[in-house]
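Have a look at the structure below, then the notes.
Readers should treat all values here as calculations from the given coordinates under stated rules, not as data from a laboratory. Owing to the predicted nature of the structure, the values given are computational and were not obtained by experimental measurement. For neighbour counting, all protein chains shown are included, and Cβ atoms are generated from backbone atoms with ideal geometry for every residue, glycine included.
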Amino acid sequence: MKRGLFITVEGIEGVGKSSNIDVLVEQVRKAGLEVITTREPGGTPVAEDIRKLLKDHGDEPIPEIAELLMMFAARSLNVNNVILPALEAGKWVVCDRFTDSSRAYQGGGRGLPMESIDSLANWVHGDTWPDVTILLDAPVEIGMARAGNRGAPDRIEREKHDFFERVRECYLNLALREPDRFVIIDTTRSLEEVQADVGRLAVQLIESNSH
Ligand code: TMP
């Protein structure tokens, strides 16, 4: 059985991950291939519970290291219980975020050491890395406006802005470091243009994997 293709979609908030994932999945299905979608943190019942804890943790602060470890706990569940079984069954997997999110948000954004993140990645998923990572890229102002954070920036908004600048820069550096894995798509253009690019990429991937 030929292993399926593992595709991840990355980017800051507001770059349009969901609608582009829909386009990608539709093309792959049209080609008669089996494809599943999953997301991180999440993708399995327990990992979805971890996602809920990360979003809604009441008054208890979550230390940055705990946040990182929770991301990787969820990832371990998703890799072992969803991603690997599907790939081994020949299905394609499209995952909304993966370890590059931990590098960009916990590493770039929060400043946790990249070596620690990469050793966790190695421990948690070894050589299970995406075959292709689509980085949907737009300047932070555009992403934040689309994500609904409009209005005059207060201190927290500015902090948010600086945080997302670091996240975006980290993503772009990761893409430069691994040009064979990353495809950067500029999402400042119209939705139609962006989706046309995603559709073309899907066709290329289907063709190059049909041999
Ligand atoms: P979203 O995927 O629905 O946009 O939300 C997930 C949030 O979690 C998003 O703010 C990015 C963040 N995140 C991390 O900080 N590290 C990670 O490893 C992952 C997978 C997500």
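Tabulated data for the structure shown
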{"item": "Helices (runs of 4 or more DSSP H) wholly inside the stretch 137-211 that include at least 2 residues being of a type in the set (A, V, I, L, M, F, W, C) and without any contact (Cβ under 8 Å) to a residue 60 or more places away in the chain", "result": "155-177"}
{"item": "Candidate set: the stretch 76-111, residues that are among the acidic types (Asp, Glu) and within 12 Å of the ligand (Cβ to nearest atom); chosen: the one surrounded by the fewest Cβ atoms within 10 Å (Cβ to Cβ)", "result": "Asp96"}
{"item": "Selection from the stretch 106-124 of residues that are of a type outside the set (Gly, Ala, Ser) and under 18 Å from Glu178 (Cα atoms)", "result": "Met114, Glu115, Ile117, Asp118, Asn122"}
{"item": "Residue tally, condition under 25 Å from Ala196 (Cα atoms) and more than 17 Å from the chain's Cα centre (by Cα), over the stretch 145-179", "result": "3"}
{"item": "Within the stretch 37-93, helices (runs of 4 or more DSSP H) holding 2 or more residues that are in contact with a strand residue (DSSP E or B) (Cβ under 8 Å, 6 or more places away or on another chain)", "result": "84-88"}
{"item": "Any hit, the stretch 56-75, residues being among the basic types (Lys, Arg) and out of contact with any His (no Cβ under 8 Å at 6 or more places or on another chain)", "result": "no"}
{"item": "Residue in the stretch 45-62 that is within 16 Å of the ligand (Cβ to nearest atom), of a type in the set (Gly, Ala, Ser) and surrounded by fewer than 18 Cβ atoms within 10 Å (Cβ to Cβ) present", "result": "no"}
